[in-house]
Amino acid sequence: MKPVAIAPDTYWIGINDRTTELFEGLWPIKKDGITYNTYLINDAKKAIIDLAKEFESVAFLEQIQHLVSLNEVDYVIINHMEPDHSGAVKALLAEAPQVKLVCSKKAAKMLASYYGITENVQIVDDGDTLELGSHTLRFYSTPFVHWPETMMTFDETTGALFSCDGFGGYGAFHGSIFDEDTPDLDF
C-alpha cells in the first residue's frame, strides 16, 4: 500500500507482511498476515514513528521515499524495541546517518544491546516534548503495557496518539487502514 494521510502532515507508511507464518514465533498468522504500523510527520523537522521488521527494510525505505528523501529525515521515534518495531533501524541509518533516534532510557540500552547503536540517541522521559515545527510531540512512558521500555507518542497539534502496541490487532490491511473503507469488518 502507498502512504495514507491520516492527519495534517501525518501519514501512515506501514508495511503489510503476508509472508511471516508465526507472529513472535508463536501465533499462526499465515492466513491473515500482519501490518507494521509506521508513521511519518512531514513538518519543518521530519519524524518517523516506529519502524518495521528487518526483512521488510527495502519496502520500508521505499515507503518513506514516496513522501520525502531519506536525507531529509531528522528523527525516528522508537516507541518500542521489539524487532517488528525496530528491526529496520540499521538499514535506515545506513542510508540516513543524520537521523537522531528518540527513545526511552531503557530503549536506549536495548538499542546498544540489540544493534550496537549508541550514537545519535536522544533519551526522553515521561512528559518530554519534541518540536517539529507546527507539530509538538509529547512522550508518555507506558512500561509493561507491552514491554518494559515502551512509550507512546502524542501529537499535541493533531491529537493523534501513536500507541505502539497499546491498542492493536492482528492482520494485514485489505486496501484501507480505515474501518469505514474496509469491505470485511468481521476481519
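The values are calculated or read from the model by the stated rules, or taken from the named source; none is laboratory data. This is a predicted model, so every value here is computed, not measured. We place every Cβ from the backbone using ideal geometry, glycine too, and count neighbours over all the protein chains shown.
For the structure I just gave you, tell me whether residue 62 is without any contact (Cβ under 8 Å) to a residue 12 or more places away in the chain and among the charged types (D, E, K, R).
Details: without any contact (Cβ under 8 Å) to a residue 12 or more places away in the chain: yes; among the charged types (D, E, K, R): yes.
For residue 62, the condition - without any contact (Cβ under 8 Å) to a residue 12 or more places away in the chain and among the charged types (D, E, K, R) - is met.
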Scan the strands (runs of 3 or more DSSP E) fully inside region 113-163 and keep the ones with 2 or more residues being touching a helix residue (DSSP H, G or I) at 6+ places or on another chain (Cβ under 9 Å).
-> 121-123
Return the pairs, sorted by first residue and then second, in which the second residue is assigned to a loop (DSSP other than H, G, I, E, B) and basic (Lys, Arg), the first residue lies in region 128-150 and is touching a residue at least 24 places away in the same chain (Cβ under 8 Å), the beta carbons are less than 9 Å apart, and the residues are 6+ apart or on different chains.
-> 130/45; 131/45; 132/45; 133/45; 135/45
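Of the residues 11, 39, which is of a type in the set (Ser, Thr, Tyr), free of Cβ contacts under 8 Å to residues at least 60 places away in the same chain and surrounded by 16 or more Cβ atoms within 10 Å (Cβ to Cβ)?
Values: 39 fails: free of Cβ contacts under 8 Å to residues at least 60 places away in the same chain.
None of the others qualify; the one that does is 11.
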Cross-chain or 6+ apart pairs with Cβ under 9 Å, region 75-86 first and farther than 14 Å from residue 109 by Cα, then polar (S, T, N, Q) and in a strand (DSSP E or B) | 75/122; 77/153
How many residues does region 133-155 contain that are touching a Pro at 6+ places or on another chain (Cβ under 9 Å) and farther than 18 Å from residue 106 by Cα?
-> 2
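Taking residue 50 as the residue in question, decide whether it is charged (D, E, K, R) and surrounded by 23 or more Cβ atoms within 10 Å (Cβ to Cβ).
Working: charged (D, E, K, R): yes; surrounded by 23 or more Cβ atoms within 10 Å (Cβ to Cβ): yes.
Here the answer is yes, as residue 50 does meet what is asked.
Which fully enclosed strands (runs of 3 or more DSSP E) of region 28-98 have 3 or more residues being modelled with pLDDT of 95 or more? Before you say what the answer is, go through the steps one by one.
Details: elements: 34-36, 39-42, 46-49, 73-77.
Filter on region 28-98 gives 39-42, 46-49, 73-77.
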